[in-house]
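Chemist: I'd like to ask you about the structure that follows.
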Amino acid sequence: MDKTEFYELVKHRQSTRAYDTDRTVDREIINRILEAGRLSPSACNAQPWHFIVVDEPELKNKVADAASARLLGMNHFTKQAPVHIIVIEEKVNLSSGIGGLVKDKHFAFLDIGIAAAHICLAAEAEGLGTCILGWFAEGKMKKLLNIPDSKRVVLDIVLGYPAQLVREKKRKPAEEIISYNTYK
């Protein structure tokens, strides 16, 4: 890949909130996307994640219901997406666990964030849209997907073919968020 292709990919990736309801996503494509997540780096190579692909329509709609809140108007678009990738936190290895205690950091969440970014960029490369959700009824998700009570559901990544064009990104100016050699 030409390096300019990567930067164009980053430039065009957005949180998609409207999906083409007439198009499904082939499992071969889903597997390629998940391979990008599987290969992502993690602290001490702990790989503290498990991915559940939900693409069966009836179950997917129930998962979408668990990710939306009627009263708050949250995430109503999720039923349009043909796929949900549910990200479960797994235990870190000993090195990552000790490092996290010593440095007061929850490395598993950082690692899962990196894996989610890899998944979303891979999806963009495949012509798909994604939206990373942290708002959902975790208990309902666990019940629907037979996730043990001892596990944490960290993210729901909705996935499908976008039904809208790329919007212009609204970001803070670089001068406001980047400094060299000191905090400004």
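The values are calculated or read from the model by the stated rules, or taken from the named source; none is laboratory data. Bear in mind the structure is a predicted one, so any value in this text is a computation, not a measurement. Every residue, glycine as well, gets a Cβ built from its backbone with ideal geometry; the counts of neighbours run over all protein chains shown. Ligands, DNA and RNA are excluded from the accessible area calculation, which covers all protein heavy atoms including side chains. Shrake-Rupley method; radii C 1.70, N 1.55, O 1.52, S 1.80 Å.
Chemist: If you scan the range 4-45, which residues turn out to be among the hydrophobic types (A, V, I, L, M, F, W, C), open to solvent by 80 Å² or more (accessible area, probe 1.4 Å) and in a helix (DSSP H, G or I)?
Modeler: Within the range 4-45, 6 is the sole residue that qualifies.
Chemist: Additional query: Determine if the range 101-124 includes at least one residue that is aliphatic (A, V, I, L, M), modelled with pLDDT under 95, more than 18 Å from the chain's Cα centre (by Cα) and assigned to a helix (DSSP H, G or I).
Modeler: yes
Chemist: Collect the residues in the range 159-183 that are over 25 Å from residue 133 (Cα atoms), open to solvent by 60 Å² or more (accessible area, probe 1.4 Å) and assigned to a helix (DSSP H, G or I), keeping them in residue-number order.
Modeler: 175, 176
Chemist: With respect to residue 91, is the statement that it is assigned to a loop (DSSP other than H, G, I, E, B), exposed (fewer than 14 other Cβ atoms within 10 Å of the Cβ) and without any contact (Cβ under 8 Å) to a residue 60 or more places away in the chain true?
Modeler: yes
Chemist: Oh, and also: Those residues that are among the small types (Gly, Ala, Ser), assigned to a loop (DSSP other than H, G, I, E, B) and in contact (Cβ under 8 Å) with a residue 40 or more places away in the chain, I need them from the range 69-88; list them, please.
Modeler: 81
Chemist: Somewhere in the range 57-67, is a residue open to solvent by 100 Å² or more (accessible area, probe 1.4 Å) and assigned to a loop (DSSP other than H, G, I, E, B)?
Modeler: No: zero hits.
Chemist: So for the range 130-151 (the condition being among the small types (Gly, Ala, Ser), touching a helix residue (DSSP H, G or I) at 6+ places or on another chain (Cβ under 8 Å), in a helix (DSSP H, G or I) and modelled with pLDDT of 95 or more), does at least one residue qualify?
Modeler: Scanning the range 130-151, I find no residue that is among the small types (Gly, Ala, Ser), touching a helix residue (DSSP H, G or I) at 6+ places or on another chain (Cβ under 8 Å), in a helix (DSSP H, G or I) and modelled with pLDDT of 95 or more, so the answer is no.
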